[in-house]
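One structure below.
The values are calculated or read from the model by the stated rules, or taken from the named source; none is laboratory data. For clarity, every value in this text was computed on a predicted model and none was experimentally measured. Methodologically, a virtual Cβ is constructed for each residue, glycine included, from the backbone with ideal geometry; neighbour enumeration extends over all protein chains shown. Note: areas computed on protein heavy atoms with side chains; ligands, DNA, RNA excluded. Shrake-Rupley method; radii C 1.70, N 1.55, O 1.52, S 1.80 Å.
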Amino acid sequence: MNGPVAYLVTTLGCLIGVAGVVVAVVAVRKGRKAARPAAPADPFRDTDSDALRGDPRRLKPGDIVEIRRVSYAVRGSVHLNEGGWSWAEHLLDTAEGDKRWLSVEEDPDLELVLWTVEPAATITPGASALDFAGRRYALEESGQARFTATGSTGLDPSGTLRYHDYRAQGGERLSFEAYGQAGWEVARGEQLHRADVMVYPQAGPEAS
C-alpha cells in the first residue's frame with residue numbers, strides 16, 4: 001500500500017471513529033432527556049392510615065365507605081380539574097336511600113368533607129358573606145372547573161362546573177355548584193377527621 005493510499009485509509013478510519021463517538025454521545029443525551037424524574041411523594045402522607053383504613057383518594061363507584069359508623073355505597077364519582085388543580089366528589093347512598101356527597105382534596109393535606117344537599121334553599125352566591133340556617137358564611141373561593149363523571153351521578157360524562165365555596169367560623173362549609181347550564185345546587189358541608197372514614201374497596205377497575 002503506497003503512502004497516499006495509506007494516508008487516505010487512516011484519515012477515513014479516524015473520521016468513522018469520531019462519527020461513532022458523536023452518535024454515542026447523542027444517544028446518551030436523548031436517553032437522559034427522555035427519562036423524566038418521578039413526581040415527588042409527600043413525605044408527610046399518612047400511609048399508616050391509608051393501609052389500615054383504606055385510601056379515600058382511590059374511591060370509585062361500587063366501593064363501600066363507612067363514615068362515623070354509617071355505611072354508604074359509592075354510586076358515582078366526579079373528578080374535577082381547574083388549572084392543573086384536581087379534586088374528586090363522590091355520590092354516596094345508604095341502604096335507606098340517604099344520599100350525601102363526599103369531597104376528597106389534597107390542599108396539600110388530605111381534606112374530607114361530607115356534604116348534605118339543601119334542595120329548599122333559595123339563596124344565591126356571589127356576595128362576600130351570606131347568612132343561612134342561622135350562620136354567617138364568608139366567601140372562600142370561586143371558579144370554574146372541567147369534570148368527568150363515572151357511575152350513577154345524573155351528570156353528563158364530561159363538562160364544566162361553576163362553583164362558589166363559603167366557610168363559617170368553626171369550619172362549616174356552604175357550597176354552590178352549577179353543572180353545565182343547570183341552576184345552582186346548594187349544600188352544607190362538615191369537615192371530617194381522617195379517622196371518621198373507612199374505605200372498603202370492591203373488585204373492579206380503578207376510576208381514572
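List of remarks:
- Strands (runs of 3 or more DSSP E) wholly inside segment 125-208 that include at least 2 residues being open to solvent by 60 Å² or more (accessible area, probe 1.4 Å) and closer than 22 Å to residue 60 by Cα: 135-151, 185-192
- Filtered by the rule that a residue be free of Cβ contacts under 8 Å to residues at least 40 places away in the same chain, of a type in the set (Asp, Glu) and assigned to a strand (DSSP E or B), segment 76-113 gives 89, 93, 105.
- The single condition among (1) open to solvent by 70 Å² or more (accessible area, probe 1.4 Å); (2) hydrophobic (A, V, I, L, M, F, W, C); (3) touching a strand residue (DSSP E or B) at 6+ places or on another chain (Cβ under 7 Å) that residue 120 does not meet is (3).
- The set of residues in segment 54-72 being more than 17 Å from residue 111 (Cβ to Cβ), small (Gly, Ala, Ser) and either touching a strand residue (DSSP E or B) at 6+ places or on another chain (Cβ under 6 Å) or surrounded by fewer than 17 Cβ atoms within 10 Å (Cβ to Cβ) (or both) consists of 71 alone.
- Residue within segment 76-92 that is modelled with pLDDT of 95 or more and touching a Pro at 6+ places or on another chain (Cβ under 7 Å) present: yes
- Being aromatic (Phe, Trp, Tyr), within 21 Å of the chain's Cα centre (by Cα) and open to solvent by 80 Å² or more (accessible area, probe 1.4 Å) is a property that does not hold for residue 101.
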